[in-house]
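Here's the structure we're looking at; comments come further down.
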Amino acid sequence: MLSFWEKILFSLVILATAGAFIYPVYLRIQILRRGRPEMRGGAFWRRMGDTLAKVFLQKCTLKRERVFTGFMHVFIFYGALTFDTMTVNHTLEGYFDKFYLFGQTGFGLLFSFIVDLFAVLVVIGAAFFAFRRFIVRPKAYRTTLFDSALIYILLVIVTLSYLYFEAFAIAAHPETARWSILGKYLSAGLTGLPAGTLAAHFKISWWLHVLIVFGFIAYVPHSKYFHMFTGPVNVFFRNPDSRRELQPIDIEKAEVFGTEKALDLTWKDYLDAFACMECGRCQDVCPAFASGKPLSPKMIIFNLENHLLVQRRNLAPGKRDDLPPLFPDVHAEGEIWTCTTCGACQHVCPVEIEHIRKIVGVRQSEVLMQSRFPQELNAFFRNMESNSNPWGIGFSKRADWTEGLDVPVMAERGSTEYLLWVGCAGSFDEHGIEIAKAMVTILKKAGLDFAILGAEEKCCGDSARRLGQEYLFQTLAAENIGLFAKYQVKKIITFCPHGFNTFKNEYPKLRGLLPDIPEKEQARLAEIEVIPHVALIEPLLKDGRIAVRLKGAARMTYHDSCYYGRHNGMIAEPRRIIAALAPGAFRELKNNREHSFCCGAGGGLMWTEESLGRRINHLRTEEVIASGAEVAATSCPFCLNMLTDGLKDKEKGDIKVKDLAQLVADSLA
Ligand code: SF4
Ligand code: SF4
């Protein structure tokens with residue numbers, strides 16, 4: 001199709017495009033190579049299968065939060081794949097006359113139809129996103145407006161230039177029409193034009209389309225559209241457990257604690273930054289953002305990417321001293337200290353970006369290296385260090401709540417089938433103590449062999465860890481693990497989701513880092529069965545080991561705690577307990593199940609002042625009020641406190657907030 005000199009010129013265009021594409025990719029690879037090492041990528045075939053399913057079935061974008069938007073993304077995604085294939089065809093067509101990738105096959109006919117179909121769908125998709133971004137203007141979309149506009153314009157003119165070419169190609173060579181319905185329709189208007197005119201337009205339109213497409217390709221690595229390459233790679237290397245588990249620091253060996261500078265991040269953190277598609281889904285579901293705080297998980301990632309690119313000359317050669325600290329240069333105080341670690345952001349992110357560890361990493365650096373943290377945490381850390389609980393009440397008083405209840409204690413029993421973990425709230429908080437008493441009633445009624453640790457028990461360390469005090473966390477963990485070893489604990493019942501998550505998912509990962517605990521006991525941690533109270537009570541009811549009198553017609557709702565629900569999949573059990581208590585009286589909150597909205601206490605924020613924006617518990621309380629429920633069931637002492645306070649603030653104290661254990665214990669037959 002092209003003359004000799006045109007082929008030379010076209011080859012130069014290809015080389016220039018390849019250079020413009022490869023150079024920014026090379027820069028990013030140089031940055032990625034500077035990231036700290038991190039093992040990812042085990043279970044290769046499972047990862048690959050999941051990634052292909054997420055990408056090609058678009059499970060990544062067709063999520064509940066934005067199904068319609070997801071479909072528009074499907075149009076653009078498959079449109080891009082189709083036009084990428086056509087670009088290969090066009091390129092070869094330049095060198096080989098009348099080249100067609102799929103020859104005279106049935107698929108070749110079908111493909112010509114698919115291209116026309118996606119020519120229409122891509123324009124619809126681009127128009128939809130342009131309308132959303134520039135007319136509706138949701139907060140989630142307010143970054144890189146110029147980049148977005150350019151992408152939409154390029155998508156449309158790539159499509160239009162293709163149709164221009166296709167119409168003249170079919171008019172000049174009708175045998176190439178195949179099943180191109182749109183091309184045939186457009187070319188019908190060209191009948192009667194002189195052959196010379198058709199031939200001239202055929203070539204001009206070919207060059208025009210090819211130059212626009214190659215310009216687009218050269219622009220891609222400079223834009224957020226680059227996520228079409230980095231996104232699937234990021235999905236492949238995902239770690240869904242990073243929502244609920246923090247990586248332990250080797251206190252003995254680490255030279256830097258947490259994330260002071262970008263060089264303290266791993267290559268996966270850098271990849272996260274390069275994979276963000278700026279969709280803003282994470283921001284939409286973030287309770288901190290929704291309550292008007294300065295934290296947007298999207299901006300955490302967006303600002304990190306900009307920092308990496310701006311600092312690449314210091315980053316790539318590893319010039320640590322020339323790098324500015326991430327805090328406060330990249331992440332501000334109001335961002336770092338307002339995250340509840342609820343994991344809603346990670347749950348909805350289409351490309352599996354891990355926000356929480358970046359935020360907690362900066363907290364660790366601030367607390368452990370700089371001794372800087374919100375002033376009110378002074379009391380929290382002091383109390384934890386002196387009495388191993390956030391309230392600072394003498395540790396010897398930990399079992400005072402059992403007075404007159406005849407609760408078995410491990411020190412007297414030696415060992416039992418179950419250890420009932422009471423936790424700090426269960427020991428010292430007035431609402432938590434009521435839950436602890438309810439649990440004792442249920443366990444006794446069910447005839448289970450259990451005991452508590454009493455005054456020996458220490459805080460599980462969840463809040464300390466999420467507030468960045470990893471050293472304190474590991475100290476508390478070592479003391480508790482020592483007790484598990486002393487009493488050869490095999491089963492732990494928790495009624496606090498934070499304790500549950502910590503014992504089940506985080507203590508076993510400390511293996512090898514606890515010099516005072518024998519290796520055999522560290523290895524045994526993964527074998528200890530940790531049972532959340534909702535998963536214990538539900539089968540007790542089902543098997544008839546405990547029976548309840550049916551409640552009256554009180555309308556009930558349930559607030560899913562982040563650490564039972566989204567983080568650990570305890571979704572069905574609480575609902576089955578409610579169904580056993582009050583059949584037909586249940587109503588869901590607006591945000592429910594995996595999409596639950598945090599109460600505001602997670603991530604250690606129970607112990608900070610919520611001075612920025614609205615109170616998160618007020619937002620959740622409004623959902624409780626809107627549900628019309630008379631009783632709000634919870635399964636976490638922190639959530640119970642937050643909802644109780646929120647309802648009191650809203651003068652809705654008539655709506656009762658009770659833990660599921662209390663509701664069951666109150667109804668025991
Ligand atoms: S974990 Fe929760 S609070 Fe923290 S950034 Fe993500 S959505 Fe926001
Ligand atoms: S982090 Fe994920 S959810 Fe948030 S804007 Fe980026 S791609 Fe979207």
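The values are calculated or read from the model by the stated rules, or taken from the named source; none is laboratory data. All values reported here derive from a predicted model rather than from experimental measurement. We place every Cβ from the backbone using ideal geometry, glycine too, and count neighbours over all the protein chains shown.
General remarks:
- Scanning the stretch 260-286 for residues that are within 15 Å of ligand 1 (Cβ to nearest atom) and in contact with a Ser or Thr (Cβ under 6 Å, 6 or more places away or on another chain) yields one hit, Gln283.
Table: residues versus (1) under 28 Å from the mean Cα position of the chain (by Cα); (2) under 19 Å from Thr608 (Cα atoms).
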| residue | (1), (2) |
| --- | --- |
| Ala626 | yes, no |
| Ala629 | no, no |
| Ala632 | yes, no |
| Cys636 | yes, yes |
| Cys639 | yes, yes |
| Met642 | yes, yes |
| Leu663 | no, no |
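- Residues considered: Leu368, Leu405. Of these, the only one that is among the aliphatic types (A, V, I, L, M) and closer than 22 Å to Asp659 by Cα is Leu405.
- Cβ pairs under 6 Å, 6+ apart, first in the stretch 265-284 and among the charged types (D, E, K, R) and at pLDDT below 95, second within 11 Å of ligand 2 (Cβ to nearest atom) and part of a loop (DSSP other than H, G, I, E, B): Glu278/Thr143
- Residues of the stretch 70-79 include none that is outside any helix (DSSP H, G or I), free of Cβ contacts under 8 Å to residues at least 12 places away in the same chain and more than 23 Å from Val210 (Cα to Cα).
- Looking across the stretch 384-410, the residues that are part of a helix (DSSP H, G or I) and closer than 19 Å to Glu479 by Cβ come down to Met384, Glu385, Ser386, Asn387, Phe395, Ser396, Lys397, Met410.
- Where helices (runs of 4 or more DSSP H) fall entirely within the stretch 484-564, those with at least 2 residues that are without any contact (Cβ under 8 Å) to a residue 40 or more places away in the chain are at 519-524, 533-542.
- Across the stretch 351-377, the qualifying residues are those that are under 30 Å from Leu52 (Cβ atoms) and out of contact with any Lys or Arg (no Cβ under 7 Å at 6 or more places or on another chain), and the one among them that is farthest from ligand 2 (Cβ to nearest atom) is Arg357.
- You will find that of Val351, Val360, the residue that is away from ligand 1 (no atom under 13 Å from the Cβ), touching a Gly at 6+ places or on another chain (Cβ under 7 Å) and either not polar (S, T, N, Q) or not in a helix (DSSP H, G or I) (or both) is Val351 and no other.
- For the stretch 411-440, the set of residues classified as in a helix (DSSP H, G or I) and charged (D, E, K, R) consists of Glu412, Arg413, Glu430, Glu434, Lys437, listed by residue number.
- Residue in the stretch 243-250 that is in a loop (DSSP other than H, G, I, E, B), touching a residue at least 40 places away in the same chain (Cβ under 8 Å), away from ligand 2 (no atom under 16 Å from the Cβ) and acidic (Asp, Glu) present: yes
- Hits in the stretch 611-622 - residues which are out of contact with any Phe, Trp or Tyr (no Cβ under 7 Å at 6 or more places or on another chain) and closer than 11 Å to His559 by Cα: Thr621
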